[in-house]
Amino acid sequence: MTAQSSTAVSPALTAFDPTTSHSSSAATTVPSSPTDDKSNPFTFLTPAALPDIADSDEESLRELERRVREGQGRAVETWGHRGASAAFREYFFAFACTYLLKLIHVTHYVAENTLASFAKACQDGADGIETDIHMTADDRLVMFHDPELSRTTDGEGKIHELPWEGVIENVRTLEAPHQPVPLLSEVLALLMRPENIHVKLNIDCKVENDPVRLFPMIKAELEKFDHWQTLLAPRIILGVWHSAYASLHPEQPKFIEPAQQHLPFLPRYAICMSIPTVREYFFTSCHGFSMYFPTLISAEGVAFRAECARRGKKVAVWTVNKEEEMKECLRWGVQAVITDNPDITVGLVDKVKQDPTALLSSYLQQLVLPWSSIKYYSLSHAYEAKLERDYLEREGGTFDDVAITERS
């Protein structure tokens, strides 16, 4: 089953076709949707269009369950940040400096958090996908980073104030290939295709969400799939930024409690830019931590990683796009590297597996790395962490609203 092709093909998409069925080759081109065509080219990804897993024989089900458990067997996994977002970008050139007469190359990701981006990450061999979730006004779950639509799409307004039906369903990305905003159900359907049955999904639960509504809705979507307990739920990770929701919304409980109540079978990962914040508010109630790379490269980061290893806590690192940073993560032995370029990270991990010496860097490179960028300096990433916490507390209440008995 293949969606109808148009004659216009985006040059950035010649490597794969996310609109083909699970049995077809991935090495074909992807048609870009005309700007006036608002039809969804991914309707085949709905649960009803899945291969009929319910009728699979017992041996086939056992094989699928084995692939879910074992994944691809990489010591360090690669998770595509908002899919393979760096694969879909437009290039702009700007005259930057009169004296140097130099053009600076700026990239703009145009298809992040789309089914095309998720399908590309799967094709690139990613072990997982990191994406963000929001609730619409009519209780649909969409995978989108920003709380409002205008940065990457032709829509406007805040997602939680807009309905899916008749509004968000018609929104498309600004640049070709003009992609719709995907529903959680469509992303889950993509991951239930047999060739993607090993791919994990790290759901970044944005602080604008009401967890009391959100988590039962996520569970309801999981339950729509046959054998979801063994083939789907073991691959889902719940990422949370905030442990409390009390100051602005005293009637709503904390993120952690609703997660424990409605999704106790999903591991919880705190997403954070500050090690002290993780230690105080998340360490005992979360199974793992999704951490900003610069926070882990410091002496404090070394101690934190060692403690996580002793306590059995998983560590994922974001957003890692430079090869030296990727190598550093592999040397650390973290669970996962979250990157805009999963094809590059997967290639490096597989190369190191074949030849461990590929992981080596010169002593000078390793010595210089923590000082090679201003973002690695403690004052810089501490300032970024403060900005992030100010935003979280403005949207979700102060962290100190967490009951003292729940704090580490």
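Read the figures in this text as sums done on the coordinates, not as results from a lab. Remember, it's a predicted structure, so these values are computed and weren't measured experimentally. Please note: Cβ atoms are built from the backbone with ideal geometry, for glycine as well, and neighbour counts cover all protein chains shown.
Based on the mean of other Cβ atoms within 10 Å per residue, sort peptides 381-390, 131-140 so the most packed one is first.
By packing density, highest mean first, the sequence is 131-140, 381-390.
What do you get when you divide the Cα radius of gyration of the stretch 302-408 by 2.2 N^0.38 Å, with N the number of residues?
That ratio works out to 1.32.
Describe numerically, in nm with one decimal, the distance between label points set 7 Å from Cα along Cα→Cβ at Lys322 and at Val368.
Taking the simple label geometry, Lys322 and Val368 are separated by 1.1 nm.
Rank-order 368-377, 355-364, 155-164 by packing density, defined as the average count of other C-beta atoms within 10 Å over each peptide's residues, highest first.
Highest to lowest by the protection proxy: 155-164, 368-377, 355-364.
Could you pull the Rg and Dmax for the stretch 178-284, using just the Cα atoms, both in Å?
14.9, 45
For the stretch 266-322, take every pair of Cα atoms, bin their distances at 10 Å starting from 0, and report each bin as a whole percent.
So the P(r) values, bin by bin, are 25, 62, 13, 1.
Sort the following peptides by mean Cβ neighbour count (other Cβ atoms within 10 Å, averaged over residues), highest first: 336-342, 300-306.
So the order, starting with the most tightly packed, is 336-342, 300-306.
Compute the distance from the alpha-carbon center of the stretch 110-175 to that of the stretch 301-371, in whole Å.
One Cα centre to the other: 29 Å.
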